[in-house]
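Chemist: Structure incoming, see below.
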Amino acid sequence: IEDFSLKPRLNSDRGTALLVCASIYDACHYYRLLQNTSFGLYCGIITSYEPNHNAISREPANSDERYKFDTYAHRVLKAGQTTKQYEDEAKRCFIEEPANMKLLIVVGKLLTGFDAPSCTYIYLDNELRDHNLFQAICRTNRLDGDDKDYGHIVDFKELFGQVHEALDVYSSDELDTD
């Protein structure tokens with residue numbers, strides 16, 4: 001949250017960020033924590049989770065599955081809104097209205113093939129490797145104005161020792177045969 005008031009582009013409402021989590025549970029937990037702040041209005045969550053009341057009907061109240069369901073059913077989705085509708089709107093806002101959707105919390109989605117030039121920071125709280133790590137880094141390097149020369153990666157998992165390994169794979173002939 002502090003970065004959005006201090007870091008270039010993030011503090012001008014032109015830049016956005018992705019928080020990459022290791023699990024849907026973790027993403028839900030981050031989402032809930034952020035919703036309890038004034039910054040919560042500017043956060044979204046994009047995961048592969050699809051709330052299904054029948055799937056959790058026998059789960060205890062304190063289970064991880066119930067936590068994920070309750071997060072989506074009571075905090076993320078509006079009445080009558082599908083997960084797809086929510087995600088489509090969150091992605092649109094992230095790309096077209098960075099001042100209104102500053103942070104997307106993701107697990108696996110949006111790390112490949114998602115073109116959002118406003119994405120200036122990625123916070124890695126997941127142990128990505130090889131292709132996924134390389135693609136995550138590329139998400140921040142789409143230029144969209146004179147105020148962005150490159151993106152920033154905040155590495156909570158100390159993954160950058162593996163960046164050289166991922167780059168070696170991408171620059172070798174291994175991709176032609178593997």
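Chemist: Rank these by accessible area, largest first, 1.4 Å probe: LYS84, LYS91, LYS148, LYS109.
Modeler: Reading off the accessible areas and sorting them downward yields LYS84, LYS109, LYS91, LYS148.
Chemist: On the full set of protein chains, 1.4 Å probe, figure out the accessible area of TYR30 and give it in Å² to the nearest 10.
Modeler: Solvent-accessible area, nearest 10 Å²: 70 Å².
Chemist: Another one. If I stretch the segment between GLU89 and GLU127 completely, what's the gain in nm (0.36 nm per residue apart, minus their alpha carbon distance), one decimal?
Modeler: 10.9 nm
Chemist: So, for region 26-97, what is the accessible surface per residue at a probe of 1.4 Å, expressed in square angstrom?
Modeler: 59 Å²
Chemist: Shifting gears a bit: Sequence-distant or interchain residues sharing an amide H contact under 5 Å with HIS152, placed H: which?
Modeler: Close amide H contacts, sequence-distant or interchain: TYR121, ILE122.
Chemist: From the backbone phi of region 24-30, what are the Karplus-calculated ³J(HN,Hα) couplings (6.51 cos²θ - 1.76 cosθ + 1.60, θ = phi - 60°) in whole Hz, Gly and Pro given as x?
Modeler: After applying 6.51 cos²θ - 1.76 cosθ + 1.60, I find 5, 4, 4, 4, 4, 5, 4 Hz.
Chemist: Which sequence of ASP146, ASP64 reflects their accessible areas, 1.4 Å probe, from the largest down?
Modeler: So the residues, ranked largest to smallest area, are ASP146, ASP64.
Chemist: So if we plug the beta-carbon distance of HIS74 and GLU97 into 1/(1 + (r/R0)^6) with R0 = 30 Å, what FRET efficiency do we get, rounded to 0.05?
Modeler: The formula returns an efficiency of 0.75 here.
Chemist: Which pairs in the list LYS78/LYS109; LYS68/LYS102; LYS68/LYS109 are over 19 Å apart, alpha-carbon to alpha-carbon?
Modeler: Over 19 Å Cα-Cα: LYS78/LYS109; LYS68/LYS102.
Chemist: So, one more: Which percent of the accessible heavy-atom area of region 1-79 goes to carbon and sulfur, probe 1.4 angstrom?
Modeler: So the carbon and sulfur contribution to the accessible surface is 48 percent.
The values are calculated or read from the model by the stated rules, or taken from the named source; none is laboratory data. Treat the numbers as computed from the prediction; the structure is a model and nothing was measured. Backbone-built Cβ (ideal geometry, glycine too); neighbour counts: all protein chains shown. Calculation scope for accessible area: heavy atoms of the full protein, side chains included, ligands and nucleic acids excluded. Shrake-Rupley method; radii C 1.70, N 1.55, O 1.52, S 1.80 Å.
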